[in-house]
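Worksheet: the structure to be examined is printed underneath.
The values are calculated or read from the model by the stated rules, or taken from the named source; none is laboratory data. These numbers come from a predicted model, not from an experiment. Note that we place each Cβ from the backbone using ideal geometry, even for glycine, and neighbour counts take in every protein chain shown. Calculation scope for accessible area: heavy atoms of the full protein, side chains included, ligands and nucleic acids excluded. Shrake-Rupley method; radii C 1.70, N 1.55, O 1.52, S 1.80 Å.
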Amino acid sequence: MLQESTGPLAAQHDLFMLDLDGVVYIEGAAVPGVPEEILRLREAGCHVAFVTNNAARPAAQVAERLTGLGVAATAEDVVTSAQAAASLLRTRFGPRARVLMLGGPGLEVALRAADLEPVQDVEDDEVVALVTGYGPDVLWRHIMRSAVRIRDGLPWVASNTDATIPTSYGLAPGHGTLVRTLAEFAGVQPVVAGKPSRPLLDETVTRVGGNRPIMVGDRLDTDIEGARVAGYPSLLVLTGVTGLSELVSAPESSRPTYIYPTLQGVFAPHPVPQHVSDGVELGGWHGQVDDAGTLVVAGAGSEADWWRVVAVAAWDHLDATGAPAGIEQLAPPARDGRADR
């Protein structure tokens, strides 16, 4: 269930962990207003971290890209699933451990920075574990041999299990595809570093600092679920992949603490809908699921309150019936600047 915040989140949290694609940028351009909001957060004394499941690119390269989009960032502000995987391996096996690596430059850089020795020879008998991450140039024969070694007992850490990855030609299979292939063959599941598993967010808190962290994301199944797994509050923004259908069908494990249309929500209060006899109400909006199982929202008010009413009414129905509410006739109000309260 959504939680109330009577004041801005920036006054209650000192570390904002921001997902990248869908929160900070979309298709090679910064989300409008985001560079300014990030600057405001820093001016308010908050730490800002850029958190990504992408293990292919080193943190410095990610920071360089952000800077090119007008978002001020250094390598120290970026935390990747490759870095989280490297920390897991160092904690278990100690410095200078030899680790078999299937992945790209980001994974290699992270392993070396953790004082581990990445090895690409799949026949090396001195490696103590295998680590995998997205790498477009990984050879199939290396995948086959690694699968056999996992089956035979070699410990395995996966940077993430993302099913897809955005490319210039659209969504393509992500590292999760390889993870499923290896796991099915070997009958072994890896230790996963990236969202929604906990290590990446804990790594972010350790690296960037802050005592009151909050995760800001656009994906329910990675960003929001990952925050819940780690025990951190979350803010769902609607500038990325989550829309009506995803929100109304969200299981309890993937429901955010707060909802706001844009990153401006870090500077806004967050009221919650109140239950009434025939539904929920907030800020001039009334929402209910009718006898036909259709979600109906009527009234007028801010866009942010509309989404809150939709979420609470839909989740009440889902929890009571096990079926998502119908949304065929539902459409969000126009984004006209009325999101702020």
Where both partners of a DSSP beta bridge lie in the range 1-144, what percent of those bridges are antiparallel, to the nearest 5?
10 percent
Dimensions (Å) - the range 283-336, Cα atoms, principal axes, largest first
34, 18, 14
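Are there GluC sites (Glu not before Pro) in the range 46-143 that DSSP marks as loop and that have at most 10 other Cβ atoms within 10 Å, and which are they? Write out the running numbers ahead of the final one.
Values: sites: GLU64, GLU76, GLU108, GLU123, GLU126; in loops: GLU123, GLU126.
Of the GluC sites (Glu not before Pro), the ones in loops of the range 46-143 whose Cβ has at most 10 other Cβ atoms within 10 Å are GLU123, GLU126.
Among bridges DSSP assigns within the range 231-290, what percent are antiparallel (round to 5)? Spell out each step's value before the answer.
Working: 6 of 9 bridges.
Percentage antiparallel, nearest 5: 65.
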So how strong a dipole does the chain carry about its Cα centre when Lys and Arg Cβ are +1 and Asp and Glu Cβ are -1, to the nearest 20 debye?
800 debye
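Give me the Kirkwood hydrodynamic radius of the chain in Å, from all C-alpha pairs, to one decimal place?
Working: mean 1/r = 0.0474 Å⁻¹.
About 21.1 Å, per the Kirkwood formula over Cα pairs.
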Determine the share of the range 251-341's accessible area contributed by carbon and sulfur atoms, expressed in whole percent, with a 1.4 angstrom probe.
49 percent
Might you report the magnitude of the Cβ-based charge dipole of the range 135-281 about its Cα centre, with Lys and Arg at +1 and Asp and Glu at -1, to the nearest 20 debye?
600 debye
Inter-part gap, Cα centre of the range 92-132 to Cα centre of the range 208-226, in whole angstrom, is 28 Å
If you find the alpha carbon centre of the range 163-187 and of the range 280-306, how far apart are they in angstrom?
38 Å
Considering only GLN189, LEU2, LEU102, whose Cα is most displaced toward the positive end of the charge dipole of the chain, charges sitting on Cβ of Lys, Arg (+1) and Asp, Glu (-1)?
LEU102
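If you average the sequence gap of Cα pairs under 8 Å that are 6 or more apart and divide by the length of the range 248-324, what percent do you get for the contact order? Show your work: numbers first, answer last.
Numbers: 101 pairs, mean separation 24.2, N = 77.
Once divided by the residue count of the range 248-324, the mean separation gives 31 percent.
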Please identify every one of the chymotrypsin sites (Phe, Trp or Tyr not before Pro) in the range 144-225 that sits in a loop by DSSP and has no more than 15 other beta carbons within 10 Å of its own beta carbon.
TYR169
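Strictly greater than 22 Å: what percent of every Cα pair in the range 123-280 meets that? Spell out each step's value before the answer.
Details: 6723 of 12403 pairs.
Of all Cα-Cα distances in the range 123-280, 54 percent exceed 22 Å.
How big is D for the range 77-136, in µm² s⁻¹ as a whole number, if Stokes-Einstein is applied with the Kirkwood radius of its Cα pairs at 10 °C and 1.306 mPa s? Display every interim value, and only then the final one.
Details: Rh = 11.2 Å.
Approximately 142 µm²/s, per Stokes-Einstein.
What net charge is computed for the residues neighbouring THR204, neighbours being all others with C-beta under 14 Å from the C-beta of THR204, Lys and Arg scored +1, Asp and Glu -1? Show your work: numbers first, answer last.
Numbers: positive: LYS195, ARG198, ARG207, ARG212; negative: ASP14, ASP19, GLU76, ASP77, ASP202, GLU203, ASP223.
Counting the neighbours of THR204, the net charge comes to -3.
I'd like to check one number: the per residue accessible area of the chain, probe 1.4 Å, reported in Å² as a whole number.
Solvent-accessible surface per residue comes out at 43 Å².
Sequence gap at least 6, Cα distance under 8 Å: using those rules, report the relative contact order of the chain to the nearest whole percent. Please list the in-between numbers first.
Working: 729 pairs, mean separation 60.7, N = 341.
Once divided by the residue count of the chain, the mean separation gives 18 percent.
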Rg/Rh for the range 54-203, where both radii come from Cα atoms and Rh is the Kirkwood radius
0.96
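Just need the relative contact order of the range 29-182 here, percent rounded to a whole number, with Cα pairs under 8 Å and 6+ apart.
On the way: 256 pairs, mean separation 29.9, N = 154.
Over the range 29-182, the number comes to 19 percent.
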How large is the dipole of the range 87-157 about the Cα centre if only Lys and Arg carry +1 and Asp and Glu carry -1, each at its Cβ, rounded to the nearest 20 debye?
240 debye
Antiparallel bridge percentage (DSSP; both residues within the range 1-59; nearest 5)
25 percent
The range 66-218 - percent of accessible surface contributed by carbon and sulfur, probe 1.4 Å
52 percent
